[in-house]
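Please treat every number below as a calculation from the coordinates, not as lab data. Note that the structure is a prediction, hence the values are computed from the model and not measured. Note that we place each Cβ from the backbone using ideal geometry, even for glycine, and neighbour counts take in every protein chain shown.
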Amino acid sequence: MFLKFLWPHDRLDRTAYFLYSILIYIVLMVIILLFRDNLFIFESSQIYKPTLAAKGLGVVYIFIKFGLAVRRGHDFNARGWITIILFLFIHPIAEIFYLLLSGDKKENRFGPPV
């Protein structure tokens, strides 16, 4: 049930979107802190290069955020591709938009309200 947030076919209210986003970010930061020697190649004290594992971790994070964004868009009756376009091109503004806009109070084409 916990991994249901990966499935982008339902609706997600703003509280759940916020909590899932924070949880995913915290998990990502813990993984980076625990495995930073394996995720980055340090060339000096200020310069580092991400390894393939770090890039893969970034792709997984973006995939999860896209899934959350699509489900959040479904809550205010927006199609997934519109949500992803907003997320790609104006990410910080879209993130605020997703947190402030309330979802549909009634059932929409993506299901009943959560």
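To one decimal place, what orientation-averaged projected area in nm² is obtained for the convex hull of the Cα set of the chain? Kindly include the intermediate steps, with their values, before the conclusion.
Working: hull surface 32.4 nm².
The Cα convex hull of the chain, projected and averaged over all directions, gives 8.1 nm².
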Under a Cβ-only charge scheme (Lys and Arg +1, Asp and Glu -1), can you give me the dipole magnitude of segment 9-100 about the Cα centre, in debye to the nearest 20? 140 debye
For a quick check: with amide H placed at 1.01 Å from N, whose amide H comes under 5 Å from Tyr48's, ignoring anything fewer than 5 positions away on the same chain? Glu43
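What GluC sites (Glu not before Pro) in segment 35-114 are in a loop by DSSP, with at most 15 other Cβ atoms within 10 Å of the Cβ? Mind dumping the intermediate values first?
Details: sites: Glu43, Glu95, Glu107; in loops: Glu43, Glu107.
Answer in residue order: Glu43, Glu107.
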For a quick check: with amide H placed at 1.01 Å from N, whose amide H comes under 5 Å from Phe40's, ignoring anything fewer than 5 positions away on the same chain? Thr51
Distance (nanometres) between label positions extended 7 Å along Cα→Cβ at Ile82 and Ile62: 2.4 nm
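Based on DSSP loop calls and a cut-off of at most 11 other Cβ atoms within 10 Å, the longest stretch of the chain free of exposed trypsin sites (Lys or Arg not before Pro) is what? Intermediate results must be reported in sequence, preceding the final value.
Working: sites that count: Lys105, Lys106, Arg109.
Result, exposed sites excluded: 1-104.
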Once both labels are modelled 7 Å past Cα along the beta-carbon direction, what's the Gln46-Ile93 spacing in nm? 3.4 nm
Pair Asp10, Tyr25: separation of 7 Å Cα→Cβ label points (nm): 2.4 nm
